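> Starting off with a structure, shown below.
The values are calculated or read from the model by the stated rules, or taken from the named source; none is laboratory data. Source: prediction; values computed, not measured. Cβ coordinates were reconstructed from backbone atoms using ideal geometry, including for glycine residues, and neighbour counts include every protein chain displayed. Ligands, DNA and RNA are stripped out before the accessible areas are found, and what is left, the full protein with its side chains, is counted by its heavy atoms. Shrake-Rupley method; radii C 1.70, N 1.55, O 1.52, S 1.80 Å.
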Amino acid sequence: MKVFIYVQHLLGIGHLKRAAILARALAAARFDVTLVSGGAPVPGIAVDIQLPPASAADITFKTLLDETGQPVDDAWKRRRAAALLDAWRASRADVLLVELFPFGRRQMRFELLPLLEDAVRLVPRPLVVCSVRDLIQSRPEREAETAALATRFFDHILVHGDPRLAPFERSFGAAARLEGRLHYTGYVVAGAAAAADGAAEVLVSAGGGAVGRRLLETAIAAREHTLLRGSTWRLLAGLNCSAADFRELGREAKPGIVLERSRADFQELLASCALSVSQAGYNTVAETLQARVRAVLVPFAAGGETEQSVRAELLAARGAAVMLSEAALTPQALADAVNRAARAPRPAADLVDLGGAQRSAELLKEWVS
């Protein structure tokens with residue numbers, strides 16, 4: 001059975017990373033997978049088809065930029081929509097899996113609506129599935145339109161979360177209208193890693209790095225005020241951290257602080273660290289829960305973003321992390337949060353279901369059999 005996966009990352013790399021984990025799980029389940037990315041190439045994440053890449057100009061996500069950094073025009077959109085349709089038709093896939101849309105990626109309707117319309121016209125008709133994370137950016141004014149698109153085009157919606165922690169209606173109020181289509185898979189995360197050798201460090205990570213400089217700067221200043229000031233603090237700035245920001249962070253770093261862009265063995269470092277400080281993006285949180293590491297979460301909240309804040313609040317309420325809002329982020333506040341987390345027990349092993357990749361493969365097998 002053939003599966004065609006569409007994913008578009010615009011600012012961070014989390015959407016692509018999650019889609020790649022899903023693709024590997026599907027391949028392991030003997031699906032023939034085509035992973036198609038519309039975002040900028042990311043070192044270490046292989047895709048099968050790379051569309052002309054698009055990115056967001058800023059955290060508002062309102063302006064799309066092409067591979068040269070220029071705003072896209074209608075001609076560019078037509079070319080990309082045609083390239084996507086050509087790839088889809090050539091694949092002759094049994095399943096079309098679209099990441100996030102219609103719960104996000106409205107900017108990509110110029111290519112996704114033609115893709116979906118083509119899929120539902122085919123005979124025999126392929127299975128059309130949405131892949132969406134546990135929580136989305138809440139937009140009550142758009143929920144009716146979103147639900148209508150979901151029921152018009154999609155046979156099933158894979159919600160990559162656990163309703164014990166984050167029921168989908170927590171961020172999408174019209175979830176009841178999708179009854180029968182929603183299927184919780186558990187969180188999607190790569191296989192657990194063995195702990196790295198060496199002394200336990202404090203691991204401060206900024207995800208893809210596009211919006212993490214303030215967190216890293218604050219961590220540098222907070223270290224000396226924490227119970228863990230004798231540990232090495234390893235700061236991972238992210239692949240998308242600008243060269244200028246990375247140089248400045250390097251100048252600010254003090255003895256006992258190691259600054260790097262990224263590590264291929266991030267999960268091993270996480271499994272062995274004394275404490276994690278990070279934002280509250282889906283992938284980092286899933287990996288943190290898998291490693292059962294003590295954690296401080298500083299959710300990204302600029303531009304009216306709420307998804308990470310809700311996730312951090314839900315985890316903090318269950319004692320699985322200490323949350324510090326971006327608005328309250330200062331060196332002393334972060335130091336206090338680190339000290340609280342360092343004294344706390346590790347998160348429970350059974351807090352959430354972490355088998356989302358494998359469960360997604362099982363469901364697709366069931367639906368196409």
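> I need the full set of residues from region 1-37 which are assigned to a helix (DSSP H, G or I) and either in contact (Cβ under 8 Å) with a residue 60 or more places away in the chain or of a type outside the set (A, V, I, L, M, F, W, C) (or both), in order please.
GLY14, HIS15, LYS17, ARG18, ALA19, ILE21, LEU22, ARG24, ALA25, LEU26, ALA28
> Can you tell me which condition LEU315 does not meet? The list is (1) more than 25 Å from HIS15 (Cβ to Cβ); (2) buried (at least 23 other Cβ atoms within 10 Å of the Cβ); (3) not acidic (Asp, Glu), and all the others hold.
Answer for LEU315: the failing condition is (1).
> Still on this model: Out of all the residues in region 215-236, is one or more modelled with pLDDT under 95 and over 22 Å from VAL189 (Cβ atoms)?
no
> Please go through region 280-319 and give me each residue that is closer than 16 Å to ALA166 by Cβ, more than 12 Å from the chain's Cα centre (by Cα), part of a loop (DSSP other than H, G, I, E, B) and without any contact (Cβ under 8 Å) to a residue 60 or more places away in the chain, ordered by number.
Selection gives PRO299, GLY319.
> In region 136-174, which residue that is open to solvent by less than 10 Å² (accessible area, probe 1.4 Å) and part of a helix (DSSP H, G or I) is farthest from THR288 (Cα to Cα)?
Per the stated criteria, the residue is PHE153.
> A follow-up question, please. Can PHE61 be described as at pLDDT 95 or above and either surrounded by fewer than 20 Cβ atoms within 10 Å (Cβ to Cβ) or more than 17 Å from the chain's Cα centre (by Cα) (or both)? Before you say what the answer is, go through the steps one by one.
Details: at pLDDT 95 or above: no; either surrounded by fewer than 20 Cβ atoms within 10 Å (Cβ to Cβ) or more than 17 Å from the chain's Cα centre (by Cα) (or both): yes.
In short, no.
> Can you list the strands (runs of 3 or more DSSP E) lying wholly within region 198-277 that have 3 or more residues being open to solvent by less than 30 Å² (accessible area, probe 1.4 Å)? Full working, then the answer.
Numbers: elements: 202-205, 233-236, 257-260.
Hits in region 198-277: 202-205, 233-236.
> Does region 112-135 include one or more residues that are touching a residue at least 60 places away in the same chain (Cβ under 8 Å), aliphatic (A, V, I, L, M), in a loop (DSSP other than H, G, I, E, B) and within 18 Å of GLN8 (Cα to Cα)?
yes
> If you don't mind, another one. Look at region 64-80 and say how many of its residues are in a loop (DSSP other than H, G, I, E, B) and open to solvent by less than 50 Å² (accessible area, probe 1.4 Å). Break it down stepwise before answering.
The first filter runs over region 64-80 and keeps only residues in a loop (DSSP other than H, G, I, E, B), leaving 66-70, 72-73.
Subsequent filtering for residues that are open to solvent by less than 50 Å² (accessible area, probe 1.4 Å) retains 66, 69, 72.
Number satisfying all stated conditions: 3.
> Further question: Whether any residue in region 287-298 is modelled with pLDDT of 95 or more and among the hydroxyl-bearing types (Ser, Thr, Tyr) is what I want to check. Talk me through it step by step, then tell me what you get.
First, the residues of region 287-298 that are modelled with pLDDT of 95 or more: 287-298.
Right, trim to among the hydroxyl-bearing types (Ser, Thr, Tyr) and you get 288.
Looking for residues that are modelled with pLDDT of 95 or more and among the hydroxyl-bearing types (Ser, Thr, Tyr), one finds at least one in region 287-298, hence yes.
> So in region 324-344, with the set limited to residues that are outside any helix (DSSP H, G or I) and touching a residue at least 40 places away in the same chain (Cβ under 8 Å), which one is surrounded by the fewest Cβ atoms within 10 Å (Cβ to Cβ)?
THR330
> Might you check whether a residue that is small (Gly, Ala, Ser) and modelled with pLDDT of 95 or more occurs anywhere in region 299-309?
Kept after step one, since they are small (Gly, Ala, Ser), are these residues of region 299-309: 301-304, 309.
Filter again for modelled with pLDDT of 95 or more, leaving 309.
Scanning region 299-309 turns up at least one residue that is small (Gly, Ala, Ser) and modelled with pLDDT of 95 or more.
> Within region 191-214, work out how many residues are modelled with pLDDT under 95 and among the acidic types (Asp, Glu).
Result for region 191-214: 1.
> Shifting gears a bit: Give region 81-117 a look and list any residue that's of a type in the set (S, T, N, Q) and either within 30 Å of SER171 (Cα to Cα) or surrounded by 23 or more Cβ atoms within 10 Å (Cβ to Cβ) (or both), or say none. Walk me through it before giving the result.
Let us first name the residues in region 81-117 that are of a type in the set (S, T, N, Q), namely 91, 107.
Within region 81-117, just GLN107 meets the criteria.
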